[in-house]
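See below for the structure under consideration.
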Amino acid sequence: MTLKRLFIQNLRNLNSVDIQPSHRVNLIYGENGSGKTSILEAINVLALGRSFRSHKHKPLILNGQNAFTVFGKVHADDAAEVPIGINRQLDGTASFKANGTLVSSAAVLASYLPVQVINSDTFLLLEGSPKVRRQFIDWLVFHVEHKFFQAWKDCQRCLKHRNSLLRHDRIDPFELSTWDQELVLLTEQLHLYRVECFEIFKTTFYELLQEFISVEGIAIGYYRGWDKEKSYADVLAATIDRDRQQGYTHMGSHRADLRITVNGQNAAEILSRGQQKLLVCALKIAQGYVFSRMTGRKTVYLIDDLPAELDEKHRELLTRWLDAMATQVFITGVEQASLLSSWQNKPETEIKMFHVEQGSVTERIYTV
């Protein structure tokens, strides 16, 4: 998948931007606060309906405006070109379009434009809550297993109803049993989707890891959200008193996690900051490789302030992997020279430079 055109109106400090990105490498440079990260934000909004910096929509709208619009033309791997777009109003109203038709949710846009972000927040894969890592693996499952999203939505609905029942003074046993039966089926279905993708992901991750970081004992495991020795139906029955006392369902697929360790200890507590950067890069690159292998499609990578995140040696390593994937990338940095340095030995790669200054974007083609 590649983004052939990107139009942004009234997002952050970008009044009106209309560019035609390279199908391979797009380097975006400018002073801090110029708006270069906002371009990456706009692509993420187009792909997921939200920014990677905040889930709030109001800060995204340019001061004095009532809405922002992001529009793009996506070149699919089967040679079809699909226009997609999102408009978000100040009052929260949102409209999503794909191929000229209004669609019900941003999930439809996500299926057209698979995006991965590497920025300072990527460290949350190690330091953050289980929800962050669960979303990481679910991104892959969403794109490779078409039945996953509906099953996930149905599971969330069951949990909501079950939790509502748990908070009642008196619970109808038959009604609770009905929701439990459906929740068990959906939870086990989600687990099977996740574990199938994870096993493939794990193999690729270990292969890449050796090049990214030379630390012995790094391991990644999948926790399904309840005791692996028990059926989910038995777990629900065993924890019903605790669930009723606290008013919510403690165990299940909504508690799934990826556990990343070094010799059995939490990786975030063992590795240096620099080692953590390399580890999360390996996670992100492995995800793109597995996605491509399982779907025949490619991921668009958004990398914010690469020179600040990695030293020159490891920037070269990351760009080598991105180049080998032949995927579309958007990379930001303050200085043009530091962005270009990692691509100097890749003369066959089409590079476009975008200079951002006070919300205005100037484009030029650069041939190495």
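The values are calculated or read from the model by the stated rules, or taken from the named source; none is laboratory data. All figures in this text were calculated on a predicted structure; none of them were measured in a lab. Neighbour counts are summed over all protein chains in view; Cβ atoms, including those assigned to glycine, are modelled from backbone coordinates with ideal geometry. Note: accessible area is taken over every heavy atom of the protein model, side chains too, but ligands, DNA and RNA are not part of it. Shrake-Rupley method; radii C 1.70, N 1.55, O 1.52, S 1.80 Å.
If you scan the range 43-68, which residues turn out to be open to solvent by 40 Å² or more (accessible area, probe 1.4 Å) and more than 21 Å from the chain's Cα centre (by Cα)?
58, 63, 64, 65, 66, listed by residue number.
Is one or more of the residues making up the range 288-299 basic (Lys, Arg) and free of Cβ contacts under 8 Å to residues at least 40 places away in the same chain? Talk me through it step by step, then tell me what you get.
Keep residues of the range 288-299 that are basic (Lys, Arg), which gives 293, 297-298.
Adding the requirement that they be free of Cβ contacts under 8 Å to residues at least 40 places away in the same chain leaves none.
Scanning the range 288-299, I find no residue that is basic (Lys, Arg) and free of Cβ contacts under 8 Å to residues at least 40 places away in the same chain, so the answer is no.
Identify the single condition in (1) hydrophobic (A, V, I, L, M, F, W, C); (2) under 18 Å from residue 281 (Cβ atoms); (3) open to solvent by 30 Å² or more (accessible area, probe 1.4 Å); (4) at pLDDT 90 or above that residue 200 does not satisfy, given that it satisfies every other one.
With (1) hydrophobic (A, V, I, L, M, F, W, C); (2) under 18 Å from residue 281 (Cβ atoms); (3) open to solvent by 30 Å² or more (accessible area, probe 1.4 Å); (4) at pLDDT 90 or above applied to residue 200, the lone miss is (2).
Which condition number in (1) over 20 Å from the mean Cα position of the chain (by Cα); (2) among the charged types (D, E, K, R); (3) open to solvent by less than 70 Å² (accessible area, probe 1.4 Å) is the one that residue 134 fails?
Of everything listed in (1) over 20 Å from the mean Cα position of the chain (by Cα); (2) among the charged types (D, E, K, R); (3) open to solvent by less than 70 Å² (accessible area, probe 1.4 Å), residue 134 misses just condition (1).
Hey, among 166, 185, which residue is hydrophobic (A, V, I, L, M, F, W, C), out of contact with any helix residue (DSSP H, G or I) (no Cβ under 8 Å at 6 or more places or on another chain) and more than 27 Å from residue 328 (Cβ to Cβ)?
The unique qualifying residue is 185.
If you go through the range 185-205 one residue at a time, how many are basic (Lys, Arg) and under 19 Å from residue 155 (Cα atoms)?
Residues of the range 185-205 basic (Lys, Arg): 194, 202.
Subsequent filtering for residues that are under 19 Å from residue 155 (Cα atoms) retains 194.
Residues that pass the stated criteria total 1.
Do we find that residue 78 is open to solvent by 20 Å² or more (accessible area, probe 1.4 Å), at pLDDT 90 or above and of a type in the set (D, E, K, R) in this structure?
Details: open to solvent by 20 Å² or more (accessible area, probe 1.4 Å): yes; at pLDDT 90 or above: no; of a type in the set (D, E, K, R): yes.
No, not satisfied.
Restricting the search to the range 81-115, which residues are in contact (Cβ under 8 Å) with a residue 60 or more places away in the chain and open to solvent by 60 Å² or more (accessible area, probe 1.4 Å)?
Scanning the range 81-115 gives 81, 112.
Looking at the range 161-177, which of the residues that are open to solvent by less than 70 Å² (accessible area, probe 1.4 Å) and out of contact with any Phe, Trp or Tyr (no Cβ under 9 Å at 6 or more places or on another chain) is modelled with the lowest pLDDT? Break it down stepwise before answering.
Residues of the range 161-177 that are open to solvent by less than 70 Å² (accessible area, probe 1.4 Å), as a first pass: 162-166, 171, 176-177.
Those still in the list that are out of contact with any Phe, Trp or Tyr (no Cβ under 9 Å at 6 or more places or on another chain) too: 164, 171, 176-177.
Numbers: 164: 93, 171: 82, 176: 89, 177: 92.
My answer is 171.
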